[in-house]
Amino acid sequence: MPPTVDVIITVADMSHAHYAEEIVETIFVAAQQRGTGIARRTPEYVIQKMEEGKAIIALTSDGRFAGFCYVETWEHGGYVANSGLIVKPEFRKHNLARKIKRAAFDLSRKKYPDAKIFGITTSAAVMKINSELGYRPVHFSELTTDEAFWKGCQSCPNYDILQRTNRAMCLCTGMLFDPKDPTA
């Protein structure tokens, strides 16, 4: 990202709906390149998150899509995940993922102040960002038990590991921020 390019990070709304196709395609391509299973989302799903005020988008000052993340709730808002974190390749290596993740985390804390915020990832960079935000690595048993969340793992090439272990372990690391944890 050239130093002259400004990036604005904001809560996405319906004015950003025209970026939905590019967002889902960027996430899909990144997942294929990494060989990981990011749950495949539709443009309609991304638009719904925008409409609900549960998405963060990063745009250049001239209107180019640079990055995205959305908020998903589980177990009636008891658990929240910041999912679909993506930065377009030309904007990587400039701390944009960290800024987007921080904005999604702050949005989650504002909308769901008592919720546990969690994620599963194979990315060392995401683990580092999560740790900086106060997440800690946890056993999968500390994460949501909502079947809809775990169904999203079915598109991952490592899903068989998750199944064989009855969701006890996988190649992903589970991470959790608990607002009631005094060390968080």
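Every number here is computed from the coordinates shown, using simple stated rules; none is lab data. Please read these numbers as outputs of a predicted model, since none were measured by experiment. When we count neighbours, we look across all protein chains shown, and the Cβ atoms used for this are built from the backbone with ideal geometry, even at glycine.
Can you spot the lysines whose alpha carbon is less than 19 Å from Lys101's alpha carbon? Ignore those fewer than 8 places along the same chain.
Lys49, Lys54, Lys88, Lys93, Lys110, Lys111, Lys116, Lys128
Let me know the whole percent of all Cα-Cα pairs from the chain that are separated by more than 23 Å.
Across the chain, Cα pairs with separations above 23 Å total 39 percent.
Counting only helical runs of four or more DSSP H residues, what would the 222 nm mean residue ellipticity of the chain come to if each run contributes -39,500 (n - 2.57) and the total is spread over all its residues?
Per the formula, -9500 deg cm²/dmol.
Can you give the relative contact order of segment 7-177 as a percent, counting alpha carbon pairs under 8 Å and 6+ residues apart?
Answer for segment 7-177 is 23 percent.
Report the antiparallel proportion of the DSSP beta bridges in segment 7-177 as a percent, rounded to a multiple of 5.
90 percent
For segment 51-111, which trypsin sites (Lys or Arg not before Pro) are in a loop by DSSP, counting at most 13 other Cβ atoms within 10 Å?
On the way: sites: Lys54, Arg64, Arg92, Lys93, Arg98, Lys99, Lys101, Arg102, Arg109, Lys110, Lys111; in loops: Lys54, Arg64, Arg92, Lys93.
Passing sites in segment 51-111 are Lys93.
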